Every structure is written in structure tokens, then in C-alpha cells.
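This report refers to the structure that appears directly beneath it.
The values are calculated or read from the model by the stated rules, or taken from the named source; none is laboratory data. In this text the structure is predicted, and so the values were computed from the model without any measurement. Cβ atoms come from the backbone with ideal geometry, glycine included; neighbour counts cover every protein chain shown.
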């Protein structure tokens, strides 16, 4: 557990340094905790897997999103998501985390899985009637499945944690687990789809 925690802490330190560098050069951006875990979403938003900082004004559940859903199917799903976060216990817990400026990654992962569970049948009906809805539902399933595996430790970033820790201490780039790298890429793609479709889908740092 100590080694795994150390690796996570080192990943966070690298992410913080990377963020500082990008912000100083461009004035806007975000950086992932590892080289495989970053993306551009819709050419506008850079997404990272690191914990979020206080960013209440930018959260779509605390202020109205500036953009609208691109089609009717996405609009229906987005309305469901907004209602879920506003009315469910875990949704309210997520919003409380935002208010406190607390790391929201794990709580949002749980909320997204619960949203899929509670609204699964309604989402399925939308998906059956519209290809945009089908794409969003598929992305939601991919996102939640992979996120649960990564957060729970079922899919580790490094196959050999001890060796990876030693590589980091020695200033070497540790070898990532190929399955983890592929999963991160798949989840990034799913997140991009959800962000384009759902104005209320949060950018979770």
C-alpha cells in the first residue's frame, strides 16, 4: 500500500509541475499525471486524471454551461444528468465536494456509475432511437467501467510497482502497463464524446 501511495504521490507532483509550466507558457491548460493520460476535448478543454483544485465557478452544475447540447438525444441525456446530480444523494454529495474544493474524481466516478444504473433503461431507449444517443451511452459505459478499474487498483498503471518506484527515484521513466495505457486512451475518447454531447458533463481533474 505504501509503495502504491508513493507512486501516486509522485504522479501528482509531476502533474503539478507540468501544470505550472503549461500555465506559464500559455495562460490556459491542464496536465495529466502521466504521459498517456491527457487529451484535447473538442479543441477546447484539456483533461487530466489528477485531483481537481478549487474551481467552483467553472463547474457546470454550479453555473449554467455556456454551450448547448448538439442534438435532441444529447439534450435529453443532459437533462437527465442534471436532474440526477440535483436530486440524488450522491449527486448532492458530489456538489458538496465541489463547494469545499475537495478532490472530486472518486465521488464523480461513483456518481457516474449510479447515474448509469438508475437511468439505464431510459438511456437505452434514447440510444435505440438515435445514433447520437447510442454513442453517448456507449461512451458512458466505457468511461465508468474503466474508471472503476483504475480507481480500485484492478488496473494498475505499472505491472511491477516496486521497479517503477525505483525507476522514479533514479530519475528514469518507469514502464507503464500496456493494458493501462490502452484503457486510458479508450477512456479519454469516451470522455471526449461525453463532453461534446453533454454540456453538464464536468471536467474532473
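Given the conditions (1) more than 20 Å from the chain's Cα centre (by Cα); (2) closer than 30 Å to residue 80 by Cβ, and given that residue 172 satisfies all but one, which numbered condition is not satisfied?
For residue 172, the exception is condition (2).
With respect to residue 84, determine if the residue is in a helix (DSSP H, G or I), touching a helix residue (DSSP H, G or I) at 6+ places or on another chain (Cβ under 8 Å), modelled with pLDDT of 85 or more and closer than 22 Å to residue 135 by Cα.
Yes; evaluated as a whole, the condition is true for this residue.
For the structure I just gave you, tell me whether residue 122 is touching a helix residue (DSSP H, G or I) at 6+ places or on another chain (Cβ under 9 Å), over 16 Å from residue 200 (Cα atoms) and surrounded by fewer than 18 Cβ atoms within 10 Å (Cβ to Cβ).
Judged against the criteria, residue 122 is a match.
Return yes or no: is residue 181 surrounded by fewer than 20 Cβ atoms within 10 Å (Cβ to Cβ) and at pLDDT 95 or above?
Against the criterion (surrounded by fewer than 20 Cβ atoms within 10 Å (Cβ to Cβ) and at pLDDT 95 or above), residue 181 qualifies.
Just checking, how many residues over segment 130-156 are farther than 18 Å from residue 193 by Cα and part of a helix (DSSP H, G or I)?
Adding up the residues that qualify gives 5.
Any chance you could count how many residues in segment 157-168 are surrounded by fewer than 20 Cβ atoms within 10 Å (Cβ to Cβ), in contact with a helix residue (DSSP H, G or I) (Cβ under 9 Å, 6 or more places away or on another chain) and either modelled with pLDDT of 95 or more or part of a helix (DSSP H, G or I) (or both)?
Result for segment 157-168: 4.
Inside segment 96-117, can you point out the residues that are surrounded by 13 or more Cβ atoms within 10 Å (Cβ to Cβ), assigned to a helix (DSSP H, G or I), in contact with a helix residue (DSSP H, G or I) (Cβ under 7 Å, 6 or more places away or on another chain) and in contact (Cβ under 8 Å) with a residue 12 or more places away in the chain?
Once the filter is applied, which keeps residues that are surrounded by 13 or more Cβ atoms within 10 Å (Cβ to Cβ), assigned to a helix (DSSP H, G or I), in contact with a helix residue (DSSP H, G or I) (Cβ under 7 Å, 6 or more places away or on another chain) and in contact (Cβ under 8 Å) with a residue 12 or more places away in the chain, segment 96-117 yields 98, 106, 107, 108, 109, 110, 111, 112, 113, 114, 115, 116.
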